[in-house]
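First up is the structure itself, then whatever we jot down about it.
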Amino acid sequence: MTLPALLFGFLVSSFLGAAFHLWKGGGLGRLLLYLILAWAGFWGGHLLGDRLGLTFGSVGALRVGAAVITAAVTLYVGYWLSLVRTEEPQR
């Protein structure tokens, strides 16, 4: 994979994480969480799409279609899991 493809993938995944943060809100910690989830989901989706031979939405060697779908699912699942609240035991 070329350096421009890596940079483009990083920019697309960062945009997805930032857009999700604008949609759902939160502080700096949430932004960092969404960026990490978007990066992991995007590159995992790219590798999965490459392994399965999925070519829809490809930009050069980058499997953007599969990567964006996987990043969106990863962001939503990560958001859902982050909503868990612990309660203190009652006295």
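The values are calculated or read from the model by the stated rules, or taken from the named source; none is laboratory data. No experiment lies behind these values; they were computed from the predicted model shown. Backbone-built Cβ (ideal geometry, glycine too); neighbour counts: all protein chains shown. The area values use the complete protein model at the heavy-atom level, side chains included, leaving out ligands, DNA and RNA. Shrake-Rupley method; radii C 1.70, N 1.55, O 1.52, S 1.80 Å.
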**Prompt:** Carbon and sulfur: what percent of the stretch 19-91's accessible surface (1.4 Å probe)?
**Reply:** 65
**Accessible area (Å², per residue) of the stretch 21-90, counting only protein heavy atoms and a probe of 1.4 Å** = 69
**Request:** Given the peptides 62-69, 26-33, arrange them by the average over their residues of other C-beta atoms within 10 Å, most packed first.
**Result:** 62-69, 26-33
**Request:** Working from Cα positions, state the angle (0 to 90°, nearest 10) between the long axis of helix 3-24 and the longest principal axis of the chain.
**Result:** 30
**Message:** Contact order normalised by length for the stretch 44-91, with contacts defined as Cα pairs under 8 Å and 6 or more residues apart; what percent is it?
**Reply:** 31
**Item:** Relative contact order [Cα under 8 Å, 6+ residues apart], the chain, whole percent
**Value:** 29
**Request:** State whether the stretch 19-91 is rounded, prolate or oblate according to the following rule on the C-alpha gyration tensor (a ≥ b ≥ c being the square roots of its eigenvalues): a/c under 1.5 gives rounded; otherwise a/b larger than b/c gives prolate, and the remaining case gives oblate.
**Result:** prolate
**Prompt:** Taking H as built 1.01 Å from N, whose amide H comes closer than 5 Å to the amide H of Ser58, not counting residues under 5 places away?
**Reply:** Val64, Gly65
**Complete:** With Cα coordinates, the longest principal axis of the chain makes an angle with the long axis of helix 64-82, in degrees rounded to 10, of 10
**Request:** Quote the charge dipole size of the chain about the Cα centre in Debye, to the nearest 20; the model charges only the Cβ of Lys and Arg (+1) and of Asp and Glu (-1).
**Result:** 80
**Asked** Given the protein chains as shown and a 1.4 Å probe, how many square angstrom of His46 are accessible, to the nearest 10?
**Response** 10
